[in-house]
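Q: My questions all concern the structure below.
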Amino acid sequence: MNVIPGGLWRFAVAAGALGTVLGAGACGTENGVASGDPAASSTATRAPSPLLTPPSPTPTPSTACSAQGISLSMDQVDAAMGLRATWVRLRNCGTRPYRLNGYPALRVLGKDRQPFDVHAIRGTRQIKDPGPKPITVAPGKSARIGIVWRNLVTESSVPAVNGTYLEVRPAAGRPVVVLPANGPLDLGNTGRLETTAWARVP
């Protein structure tokens, strides 16, 4: 399967101005299901942006190897014209294969590690989503997801979200891992964080 290489992505947005974009060349489809709530749904309203090949990733904050034999890291956030995107990487630092299937469950946490009212949406039109499928991550190997959000404030009476941590449940029934964000998770008051499915890192 092909997923977008690199960690700092450039988005090229055609709307009378050129911005930077994150991506790989084709657009995924958004099924609009919140990863924390399979019954929730959302309809995409934006047309997909053209995508370019990003440069190589930069060093990232990470977690220690967990009792489940995994560690997580987040690439530096790429930001342009209010659109944010980055990779979250899972490395198998244990001794046994680690199985994933589809989308993670995500929550954005503040400095006090309390969750914000944010829906993690399964699928995105901004970057290519490989779609849900079972994968096995061998010891020493990695998988990743792309996450996308907009720093958009539309209601002055609603507090803006500026997350400090990302809580990741890699698969149903697995323990969560709390990952320091590599830059603010500044979702404004959109209440929306889009994610791709897990895919192996080439």
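Q: Near the amide H of residue 177, under 5 Å away, which other amide H atoms are found, from residues 5 or more places off or on another chain, if H is placed in the peptide plane?
A: HN-HN under 5 Å from residue 177: 168, 169.
Q: Follow-up. Show which lysines lie in cross-link reach of residue 141 when reach means a straight Cα distance below 28 angstrom and same-chain residues fewer than eight apart are skipped.
A: Counting by Cα, and skipping residues close in sequence, residue 141 has these lysines nearby: 128, 133.
Q: Okay, next question. Pop out the ³J(HN,Hα) list for segment 131-145 in order, Karplus 6.51 cos²θ - 1.76 cosθ + 1.60 with θ = phi - 60°, rounded to Hz; leave Gly and Pro as x.
A: After applying 6.51 cos²θ - 1.76 cosθ + 1.60, I find x, x, 7, x, 9, 10, 9, 6, x, x, 9, 9, 10, 8, 10 Hz.
Q: Cut-off 14 Å, label point 7 angstrom out along Cα-to-Cβ of residue 111: give me the residues of segment 126-168 whose amide nitrogen falls inside.
A: Residues 162-165 qualify, since their backbone N sits under 14 Å from the label point.
Q: For the pair residue 158 and residue 95, how long in nm is the line joining their label points, each one 7 Å along Cα→Cβ?
A: 5.0
Q: Could you rank the peptides 141-147, 129-135, 186-192 by their average count of other C-beta atoms within 10 Å per residue, with the highest value first?
A: 141-147, 186-192, 129-135
Q: Cut-off is 10 Å between beta-carbons; in what order do 78, 117 appear when sorted fewest neighbours first? Intermediate results must be reported in sequence, preceding the final value.
A: Values: 78 23, 117 10.
Arranged by neighbour count, lowest to highest, 78, 117 become 117, 78.
Readers should treat all values here as calculations from the given coordinates under stated rules, not as data from a laboratory. Keep in mind that what you see is a predicted model, and the values were worked out from it rather than measured. All Cβ positions, even for glycine, are placed from backbone atoms using ideal geometry, and neighbour counts span all protein chains on display.
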